[in-house]
Amino acid sequence: MQGFAGLMWLLSMALIVFSGFALIDAAVRREDAYRAADKKTKPFWLIILGLAFVVNLLFPILSFLPIIGLIATIVYMVDVRPAIRALPGGGRSSRGSSSDGPYGPWNGGR
C-alpha cells in the first residue's frame, strides 16, 4: 500500500509541474498571438490553467477535478501552444533586438 501512495504522490507532483509549466508558458506569450492563432484569449487560458494548477495543489489525483484540469492543460499544450509557437516570433513577448530602430531592424545600410 505504501508503494501505491508513493506512486500517487509522484503522479500528483508531475501534474502540478505540468500545469505550472503550462501556466507560465501561457503567461509569457503575447496577447495578440492568441487572437492571431484563433485560440480564445490570453486571460481565458490564464484563468483555466490557473484553476487547473490550484485544483492540482488542493485535491488528490484520483478525484474528478484534477482530471478536468489535466484535460485543460493537455488541450493547451497540444493545441494552443503549437499554434502560437508557429506564429512569427513564437508568440513570445519581446522588446526587440538591441539593433532595432524605431521603424524596425537596423541593417547597417546594407
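Key figures
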| read-out | value |
| --- | --- |
| Every residue from segment 1-16 that is touching a residue at least 12 places away in the same chain (Cβ under 8 Å) and open to solvent by less than 40 Å² (accessible area, probe 1.4 Å) | Met8, Ser12, Leu15, Ile16 |
| Sole exception among (1) free of Cβ contacts under 8 Å to residues at least 12 places away in the same chain; (2) touching a Pro at 6+ places or on another chain (Cβ under 6 Å) for Val55, by number | (1) |
| Test: residue in segment 84-102 that is under 22 Å from Gly20 (Cα atoms), at pLDDT 85 or above, open to solvent by less than 70 Å² (accessible area, probe 1.4 Å) and in contact with a Phe, Trp or Tyr (Cβ under 6 Å, 6 or more places away or on another chain) | no |
| Within segment 13-83, helices (runs of 4 or more DSSP H) holding 1 or more residues that are modelled with pLDDT of 95 or more | 42-58, 64-75 |
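The rows are residues; the columns are (1) more than 30 Å from Gly6 (Cα to Cα); (2) open to solvent by 30 Å² or more (accessible area, probe 1.4 Å).
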| site | (1), (2) |
| --- | --- |
| Phe18 | no, yes |
| Ala22 | no, no |
| Glu31 | yes, yes |
| Arg35 | yes, yes |
| Thr41 | yes, yes |
| Asn56 | no, no |
| Ile68 | no, yes |
| Val78 | no, yes |
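The values are calculated or read from the model by the stated rules, or taken from the named source; none is laboratory data. What you see is a predicted model, and the numbers here were worked out from it, not measured in a lab. Cβ coordinates were reconstructed from backbone atoms using ideal geometry, including for glycine residues, and neighbour counts include every protein chain displayed. Surface accessibility is based on the protein's heavy atoms, side chains included, excluding ligands, DNA and RNA. Shrake-Rupley method; radii C 1.70, N 1.55, O 1.52, S 1.80 Å.
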